[in-house]
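Enquirer: Below you will find the structure I want to go over with you.
The values are calculated or read from the model by the stated rules, or taken from the named source; none is laboratory data. No experiment lies behind these values; they were computed from the predicted model shown. No Cβ is skipped: glycine too gets one built from the backbone with ideal geometry, and neighbour counts run over all protein chains shown.
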Amino acid sequence: MATYTPKNILITGAAGFIASHVCNRLIRNYPDYKIVVLDKLDYCSNLKNLLPSKSSPNFKFVKGDVGSADLVNFLLITESIDTIMHFAAQTHVDNSFGNSFEFTKNNIYGTHVLLEACKVTGQIRRFIHVSTDEVYGETDEDAVVGNHEASQLLPTNPYSATKAGAEMLVMAYGRSYGLPVITTRGNNVYGPNQFPEKLIPKFILLAMQGKHLPIHGDGSNVRSYLYCEDVAEAFEVILHKGEVGHVYNIGTKKERRVIDVAKDICNLFSKDPDKSIKFVENRPFNDQRYFLDDQKLNNLGWSEHTTWQEGLRKTMEWYIQNPDWWGDVSGALLPHPRMLMMPGGRHFDGSEEKDASYVSSNSNQTRMVIPVSKGSSSGSPRKPSLKFLIYGRTGWIGGLLGKLCEKQGISYEYGKGRLEDRSSLLSDIQNVRPTHVFNAAGVTGRPNVDWCESHKTETIRTNVTGTLTLADLCREHNLLMMNFATGCIFEYNASHPEGSGIGFTEEDKPNFIGSYYSKTKAMVEELLKEYDNVCTLRVRMPISSDLNNPRNFITKISRYNKVVNIPNSMTILDELLPISIEMAKRNLRGIWNFTNPGVVSHNEILEMYKNYINPDFTWVNFDLEEQAKVIVAPRSNNEMDASKLKNEFPELLPIKGSLIKYVFEPNKRT
């Protein structure tokens, strides 16, 4: 499958809801892409939606209308645009019944202007047109197969009719002029930043204000809802892997009746649905059901990650923290809003750029009600706090993580389930409701890795199957998993000779299979690459300031009768474990060599031990051949390149400096 790489992308309507999440994701993940945003800042747009991208050097905002042919042509030429992602549109069905001409102007004419500019400039390599599932019209209630991309278009309201009309133009320009067009049709989207004319944010804000939740008709209409970050990822996949001339449904097979959505929101706010829900007059025509077949997009590698419960909770928390994000939205909260389609849209005076905490000018604001957790006497809004779920309670690193959380005031709980038991892990996640999961559990063997040679099934069960199970559950619940792995999957070779200073990087393939323990760790690391929600931390020969701990590398070698003398990369836990927590806060992912820069040999460490701890200490060396006679499995010796970690955390000390500061100075005996 060929992969497309854009250079300069124009995103229309990116101050709106879905497009802002797409824009922020692309800015975050692709610093080499230049992103130009064109938005006229209509009533449902907000520059604050783009605050995460504002300071990025590859981001540019232009206030303007896609219906302005001169402006569009100017931008395509001067910004060397090669890719367009066209989100700009009027999208609220209720408004289309009262002001349908505005929908025709924005959705059809605006799209036509963009297509003509693409034809004239002749430089566009991708034109991604964002449509809707509503163009298919109503799905039969008993249908078990959703509408696929070749299904007939049968729109039933002015909004969906204009979107279908725009699609016809896109298709015509693709066939007549060879424009490289791709069309998407998506289910309902929800999440932070959405203007509250839409069902879920409207219900959340009304529940916060202690008002009734208005439901059109009897609430039996069925809709499918996708969380905004999952949808942003779908557009990322389509941008890079979508085929020109094709249509892609962005959907979910998990459907919900409107009445059930209202009940779920009532439950979040501890309200009685029977008293909080109010049935109102239905729309002139209200499609009973939209159901999509999304297999084609799944084949490109996309899938939904966020559960309904988790997405709804995140959305609720965001609106509680940002009740005035949109200013006075009382008109949008009406059962049948009509007045929001105003020429010129939302007026922008710069205050949104200057101050992210926008405050409404309405001094007579409605009292806000938020759910109060059990045991809390305060009803004031509070920012969502960190909560870690940690596996490996009885382990060294897992125990230290708990102490660090206590020291930093971070809420945490240890997992009760075993890694290989999926149901118990799921129970942990549902009960704890963490923001992050730390996996410090695993089989290393007691007293050392030789144990794994005779317990291979147990080693696989925990190190491979268990770790993958936890990663998979975390992805299902949109959780980042911090996974403590090992760097003992490499050994010095001709390309990385001992003493050369050339370390193994995160991209290098493991080359050490001397021990079964290392085999399982290399195996699971490779498989975890398929999980974009995992941060893998390669720990090596961990050392801490607790010189009485038998797992401490210094404690081990100071008690051996003989030791080898080989330079190795190592991990000073006192310095690096706090960094792992900071990495979780930054939502860092991928593979990281989790060691201090540089190497240190056994003799150098024992010399420090003698100078700082015990001046009478002596030791004897032996070579690898002699060592092989007293161990079952060979040991890994290598240097890890820690430059990636050093670039992210410039204060990180080299190994010998860290040893002195965190281990030997605090234990120095006078």
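Enquirer: If you take the residues in region 502-535 that are acidic (Asp, Glu) and part of a loop (DSSP other than H, G, I, E, B), which one is farthest from the chain's Cα centre (by Cα)?
Expert: This residue is 508.
Enquirer: If I filter region 233-255 for residues that are on the phi > 0 side of the Ramachandran plot, surrounded by fewer than 19 Cβ atoms within 10 Å (Cβ to Cβ) and not hydroxyl-bearing (Ser, Thr, Tyr), do I get at least one hit?
Expert: Yes, region 233-255 has at least one match.
Enquirer: Sticking with this structure for a sec: Search region 607-630 for residues that are assigned by TED's automatic domain parsing to the domain that holds residue 554 and among the charged types (D, E, K, R) and pair each with any residue that is part of a loop (DSSP other than H, G, I, E, B) and at pLDDT below 90 when their beta-carbon atoms are under 8 Å apart and the residues are at least 6 apart or on different chains.
Expert: Partner pairs satisfying both residue conditions: 623/564; 626/562.
Enquirer: Sticking with this one: Could you list, in sequence order, all residues of region 486-498 that are buried (at least 24 other Cβ atoms within 10 Å of the Cβ) and aliphatic (A, V, I, L, M)?
Expert: The one that is buried (at least 24 other Cβ atoms within 10 Å of the Cβ) and aliphatic (A, V, I, L, M): 489.
Enquirer: Quick one: in region 43-58, of everything that is in contact (Cβ under 8 Å) with a residue 60 or more places away in the chain and outside any loop (DSSP other than H, G, I, E, B), which residue is nearest to residue 20 (Cα to Cα)?
Expert: The extreme case among them is 49.
Enquirer: Still on this structure, please answer the following. Of the conditions (1) more than 21 Å from residue 510 (Cβ to Cβ); (2) in contact (Cβ under 8 Å) with a residue 60 or more places away in the chain; (3) not basic (Lys, Arg), residue 594 clears all except one; give me its number.
Expert: Status for residue 594: all satisfied but (1).
Enquirer: Return only the number of the condition from (1) surrounded by fewer than 17 Cβ atoms within 10 Å (Cβ to Cβ); (2) modelled with pLDDT of 90 or more that residue 535 does not satisfy.
Expert: In the conditions (1) surrounded by fewer than 17 Cβ atoms within 10 Å (Cβ to Cβ); (2) modelled with pLDDT of 90 or more, residue 535 misses (1) alone.
Enquirer: Could you list, in sequence order, all residues of region 549-605 that are crowded, with 20+ Cβ neighbours inside 10 Å, more than 19 Å from residue 491 (Cβ to Cβ) and among the polar types (S, T, N, Q)?
Expert: Scanning region 549-605 gives 552, 580, 596.
Enquirer: Further, regarding this structure: Which one of these does residue 515 not meet: (1) under 28 Å from residue 405 (Cα atoms); (2) in contact with a Cys (Cβ under 8 Å, 6 or more places away or on another chain)?
Expert: (1)
Enquirer: Out of all the residues in region 285-292, is one or more surrounded by 15 or more Cβ atoms within 10 Å (Cβ to Cβ) and either hydrophobic (A, V, I, L, M, F, W, C) or at pLDDT 95 or above (or both)?
Expert: yes
Enquirer: What about residue 542, is it under 35 Å from the mean Cα position of the chain (by Cα), of a type outside the set (S, T, N, Q) and more than 22 Å from residue 637 (Cα to Cα)?
Expert: no
Enquirer: When you look at residue 66, is it part of a strand (DSSP E or B) and either in the same structural domain as residue 127 (by TED's automatic domain parsing) or at pLDDT 95 or above (or both), yes or no?
Expert: no
Enquirer: Just to verify a result, which residue in region 30-42, among those that are over 11 Å from residue 7 (Cα atoms) and assigned to a loop (DSSP other than H, G, I, E, B), is modelled with the lowest pLDDT?
Expert: Checked region 30-42; the qualifying residue modelled with the lowest pLDDT is 42.
Enquirer: Separate question: Among all residue pairs at least 6 apart or on different chains, which show Cβ distances below 7 Å where the first residue, located in region 447-476, is among the acidic types (Asp, Glu) and the second is outside any helix (DSSP H, G or I)?
Expert: Listed by first residue and then by second, the contacts come to 450/631; 450/632; 450/633; 453/632; 453/633; 458/443; 476/305; 476/307.
Enquirer: Out of 570, 583, I need the residue that is under 21 Å from residue 398 (Cβ atoms), assigned to a loop (DSSP other than H, G, I, E, B) and in contact (Cβ under 8 Å) with a residue 24 or more places away in the chain. Which one?
Expert: 570
Enquirer: Quick check, is residue 167 free of Cβ contacts under 8 Å to residues at least 40 places away in the same chain, buried (at least 20 other Cβ atoms within 10 Å of the Cβ) and of a type outside the set (Ser, Thr, Tyr)?
Expert: Yes, satisfied.
Enquirer: Evaluate the following for residue 327: is it at pLDDT 80 or above and part of a loop (DSSP other than H, G, I, E, B)?
Expert: So residue 327 fits the description; yes.
Enquirer: Restricting to region 408-452, name every residue that is of a type in the set (Phe, Trp, Tyr) and either modelled with pLDDT of 95 or more or within 21 Å of the chain's Cα centre (by Cα) (or both).
Expert: Within region 408-452, 412, 414, 438 meet the criteria.
Enquirer: What residue, among those in region 1-44 that are more than 25 Å from residue 329 (Cα to Cα) and touching a His at 6+ places or on another chain (Cβ under 9 Å), is surrounded by the most Cβ atoms within 10 Å (Cβ to Cβ)?
Expert: Per the stated criteria, the residue is 10.
Enquirer: Separate question: Any idea which residue in region 645-656 is surrounded by the fewest Cβ atoms within 10 Å (Cβ to Cβ), counting only those that are in contact (Cβ under 8 Å) with a residue 12 or more places away in the chain and assigned to a helix (DSSP H, G or I)?
Expert: 648
Enquirer: For region 519-538, does any single residue satisfy the condition of being over 27 Å from residue 404 (Cβ atoms) and in contact with a Cys (Cβ under 6 Å, 6 or more places away or on another chain)?
Expert: No, the conditions are met nowhere in region 519-538.
Enquirer: Residue by residue through region 588-641, note down the ones that are out of contact with any helix residue (DSSP H, G or I) (no Cβ under 9 Å at 6 or more places or on another chain), modelled with pLDDT under 90 and of a type outside the set (Val, Ile, Thr).
Expert: Scanning region 588-641 gives 622, 623, 624, 625, 626, 627, 628, 629.
Enquirer: Right, here's the next one. Among the residues of region 89-122, which ones are at pLDDT 85 or above, part of a loop (DSSP other than H, G, I, E, B) and within 33 Å of the chain's Cα centre (by Cα)?
Expert: 89
Enquirer: Same structure, new question: So which helices (runs of 4 or more DSSP H) are wholly in region 175-271 and hold at least 2 residues that are assigned by TED's automatic domain parsing to the domain that holds residue 45 and either touching a helix residue (DSSP H, G or I) at 6+ places or on another chain (Cβ under 9 Å) or of a type in the set (Phe, Trp, Tyr) (or both)?
Expert: Of the helices (runs of 4 or more DSSP H) lying wholly inside region 175-271, those with at least 2 residues that are assigned by TED's automatic domain parsing to the domain that holds residue 45 and either touching a helix residue (DSSP H, G or I) at 6+ places or on another chain (Cβ under 9 Å) or of a type in the set (Phe, Trp, Tyr) (or both) span 228-241.
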